[in-house]
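See below for the structure under consideration.
FYI, it's all coordinate maths here, none of it is from the lab. Bear in mind the structure is a predicted one, so any value in this text is a computation, not a measurement. For neighbour counting, all protein chains shown are included, and Cβ atoms are generated from backbone atoms with ideal geometry for every residue, glycine included.
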Amino acid sequence: MRCCSAQIDGVWESPEQTLEKAEQVFCDAARAKAALISFPEQFATGWDPASNKNIEDITGITVTGLRKLAKKYSIAVVGSFREAFSPKPRNTSIAIGNDGEILATYSKIHLFTPGHEDLAFTPGAGLAVFTIEGVHFGLAICYDLRFPELFRLYRREGVHAVVVPAAWPKSRLRYWELFIQSRAAENQMYVAGVNTTGTNPVDIYSGASMTADPYGTIIARAGEGNELLYYEIDPLLAEQTRRDFPVENDRKDALYVSLMREQPK
């Protein structure tokens, strides 16, 4: 299955203009015969916990616009937006099929407390699993990469690949690659991180979107600027890797739970 990570800098706080820009991505991806396009974290507005603008529900401009584009070009898409929720909005990614129908939504579980995201958003509390062309996908968002337990849960759900929209800053880029490779190798799955690029009021970003295969090997890597990064996902490779090297059988989940419950005296 051919996929596309759309490493683009959106138009700050302007979903309308960013969606116009995104249509060219769909045109290019259609010519490249991609089945799935993934955009960075909150790509239509830019990631900014301090902002109270452009908070939408699934009938808002961002999701509606992506649904129309997915159907028009017959390509599935993963997007990200500030979802209206009470008492605070959620940082949500959404998967849309090539017919424009919503397949799954995922709200960021691990909010970035160093950037005060926890003060502005409500954390999610569930997984998101969907299937396109026989590939079972999961969703995570940016800071989630630092928490291996989430990816372990996706592995237990039989996921072949996790897509990770992100706004990962240039200053911590070396950890971006480390965590993508680690989460992929640990769980014998593809991990596709799609990062934003450019300078905005919050930080400086330098792209480097990348995909690791079930061995943890980087099979596709973007540069610093706007770029469409194409890569292939083979679900049979993930399944074969798990059969050939069945680390799953050696886990001690019951013991881990028991040890976690033990409190030091």
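For the stretch 91-104, a tally of residues being within 11 Å of the chain's Cα centre (by Cα) and in contact (Cβ under 8 Å) with a residue 40 or more places away in the chain returns 2. Considering A161, A120, A125, the condition of being without any contact (Cβ under 8 Å) to a residue 24 or more places away in the chain and among the hydrophobic types (A, V, I, L, M, F, W, C) is satisfied by A125 alone. The set of residues from the stretch 243-259 being over 14 Å from M189 (Cα atoms) and either assigned to a loop (DSSP other than H, G, I, E, B) or over 29 Å from the mean Cα position of the chain (by Cα) (or both) comprises R251, K252, A254, L255, S258, L259.
Of everything in the stretch 76-120 that's touching a strand residue (DSSP E or B) at 6+ places or on another chain (Cβ under 8 Å) and polar (S, T, N, Q), which residue is nearest to I132 (Cα to Cα)? So the residue we want is N98.
Output the residues belonging to the stretch 181-219 that are among the hydrophobic types (A, V, I, L, M, F, W, C), assigned to a loop (DSSP other than H, G, I, E, B) and buried (at least 19 other Cβ atoms within 10 Å of the Cβ). Across the stretch 181-219, the qualifying residues are M189, A208.
The strands (runs of 3 or more DSSP E) found wholly in the stretch 1-116 and carrying at least 1 residues that are within 15 Å of L228 (Cα to Cα) occupy 2-7, 36-38, 76-83. Going through K72, K68, K88 one at a time, which residue ends up being out of contact with any Leu (no Cβ under 7 Å at 6 or more places or on another chain), under 21 Å from Q24 (Cβ atoms), free of Cβ contacts under 8 Å to residues at least 40 places away in the same chain and of a type outside the set (G, A, S)? Sole residue among the options that is out of contact with any Leu (no Cβ under 7 Å at 6 or more places or on another chain), under 21 Å from Q24 (Cβ atoms), free of Cβ contacts under 8 Å to residues at least 40 places away in the same chain and of a type outside the set (G, A, S): K68.
Within the stretch 163-180, restricting attention to residues that are among the aliphatic types (A, V, I, L, M) and either within 15 Å of the chain's Cα centre (by Cα) or not in a helix (DSSP H, G or I) (or both), the residue that is nearest to V247 (Cα to Cα) is I180. Restricting attention to the stretch 27-50 and to residues that are without any contact (Cβ under 8 Å) to a residue 60 or more places away in the chain and over 18 Å from the mean Cα position of the chain (by Cα), the residue that is surrounded by the most Cβ atoms within 10 Å (Cβ to Cβ) turns out to be A30.
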